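Single-structure report; data block below.
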Amino acid sequence: MIWILDNGHGGILNGKYLTIPPHKKSPILPGGDILYEGDWNRKVVASILKHSEDFGLKSINLTPELEDIDLDERARRANEYNNAFVLSIHMNGTDEFFQTEKRGITTFYYRHNEGRKYAWIFQDSISNIIPNRGIFEKQFRLPLKSTNPCLLLECGFMNNLQDVEYLKSEDGIDSLALRIVVAMIQTNKYINK
């Protein structure tokens, strides 16, 4: 099986954030930094790719470009593969204000594909490092249009200081990526029973 990794949203090119709409970022953090979701997603996917190679998993980056690729194009690219599993990496929240009520991992699936069967594997693995908010069915476009099992992982909240301070660090990115790879390995074992 091949793992298709989607680093949801655009990155940063020549100092310009390429995600549309541009609000996919944290409020200004203590120290003056801002976490840009599309840029952070790319760091997580790069770490997942590295760890998955270390463990012998076949994985690809669906959107290596820094531009914000249209969701229909992402789905078209993902659907070119058979015997694949799509993971779309994101971070929840808004740039308007910090809050303390919401934090943690949420995993989304859509009922027409097999994602629900595997959502808890990812949720349980990742909730070893950040709180578990559960799995939910939602009609996000990539899971909706994917012909392969597809999960959308909202890996914490950009507007929760506890989540963002941990997840923006190299250790946080690496720990999250490793927990995702552990879930990928467990999913492979489950599928190959």
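The values are calculated or read from the model by the stated rules, or taken from the named source; none is laboratory data. Values in this document were obtained by computation on a predicted structure and should not be read as measured data. A quick note on method: Cβ atoms are made from the backbone with ideal geometry, for glycine too, and the neighbour counts reach across all protein chains shown. Heavy atoms of the whole protein, side chains included, go into the accessibility calculation; ligands, DNA and RNA do not. Shrake-Rupley method; radii C 1.70, N 1.55, O 1.52, S 1.80 Å.
Within the range 41-74, the set of residues being farther than 22 Å from Gly93 by Cα, in a helix (DSSP H, G or I) and open to solvent by 70 Å² or more (accessible area, probe 1.4 Å) comprises Lys50, Glu53, Asp54. Tyr81 meets all of the listed conditions (1) closer than 23 Å to Thr187 by Cβ; (2) open to solvent by 40 Å² or more (accessible area, probe 1.4 Å); (3) assigned to a helix (DSSP H, G or I) but one, namely (3).
Identify all residues within the range 84-110 that are of a type in the set (Phe, Trp, Tyr) and not in a strand (DSSP E or B); write none if there are none.
Step one: of the range 84-110, the residues of a type in the set (Phe, Trp, Tyr) are 85, 97-98, 108-110.
Correct list: Phe97, Phe98, Tyr110.
Would it be correct to say that Gly115 is crowded, with 17+ Cβ neighbours inside 10 Å, within 25 Å of Ser169 (Cα to Cα) and under 15 Å from the mean Cα position of the chain (by Cα)? Break it down into steps so the answer makes sense when it comes.
Working: crowded, with 17+ Cβ neighbours inside 10 Å: yes; within 25 Å of Ser169 (Cα to Cα): no; under 15 Å from the mean Cα position of the chain (by Cα): yes.
No, not satisfied.
Test Thr187 against the stated conditions and say whether it is among the polar types (S, T, N, Q), in contact with a Phe, Trp or Tyr (Cβ under 7 Å, 6 or more places away or on another chain) and touching a residue at least 24 places away in the same chain (Cβ under 8 Å). Talk me through it step by step, then tell me what you get.
On the way: among the polar types (S, T, N, Q): yes; in contact with a Phe, Trp or Tyr (Cβ under 7 Å, 6 or more places away or on another chain): yes; touching a residue at least 24 places away in the same chain (Cβ under 8 Å): yes.
When the stated conditions are applied, Thr187 passes them.
Within the range 133-145, how many residues turn out to be surrounded by 15 or more Cβ atoms within 10 Å (Cβ to Cβ), touching a strand residue (DSSP E or B) at 6+ places or on another chain (Cβ under 6 Å) and either of a type in the set (A, V, I, L, M) or free of Cβ contacts under 8 Å to residues at least 40 places away in the same chain (or both)?
Here is the first cut: in the range 133-145, the residues surrounded by 15 or more Cβ atoms within 10 Å (Cβ to Cβ) are 133, 135, 140-145.
Okay, now just the ones that are also touching a strand residue (DSSP E or B) at 6+ places or on another chain (Cβ under 6 Å), so 133, 135, 140, 142-143.
Then keep just the ones that are either of a type in the set (A, V, I, L, M) or free of Cβ contacts under 8 Å to residues at least 40 places away in the same chain (or both); that gives 133, 135, 142.
Looking only at that region, the number is 3.
Each row is one residue, and each column tells you yes or no for (1) over 30 Å from Asn188 (Cβ atoms); (2) out of contact with any strand residue (DSSP E or B) (no Cβ under 8 Å at 6 or more places or on another chain); (3) not aromatic (Phe, Trp, Tyr).
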{"site": "Gly15", "(1), (2), (3)": "yes, yes, yes"}
{"site": "Leu62", "(1), (2), (3)": "no, no, yes"}
{"site": "Glu67", "(1), (2), (3)": "yes, no, yes"}
{"site": "Gly104", "(1), (2), (3)": "no, no, yes"}
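Do we find that Leu35 is closer than 19 Å to Gly172 by Cα, touching a residue at least 40 places away in the same chain (Cβ under 8 Å) and open to solvent by less than 60 Å² (accessible area, probe 1.4 Å) in this structure? Working first, answer last.
Working: closer than 19 Å to Gly172 by Cα: yes; touching a residue at least 40 places away in the same chain (Cβ under 8 Å): yes; open to solvent by less than 60 Å² (accessible area, probe 1.4 Å): yes.
The answer is yes for Leu35.
Tallying residues that are within 20 Å of Leu142 (Cβ to Cβ) and modelled with pLDDT of 90 or more within the range 1-36 yields 7. Screening Asn159, Asn148 for residues that are closer than 17 Å to His90 by Cα, part of a loop (DSSP other than H, G, I, E, B) and either in contact (Cβ under 8 Å) with a residue 24 or more places away in the chain or not charged (D, E, K, R) (or both) leaves exactly one candidate, Asn159.
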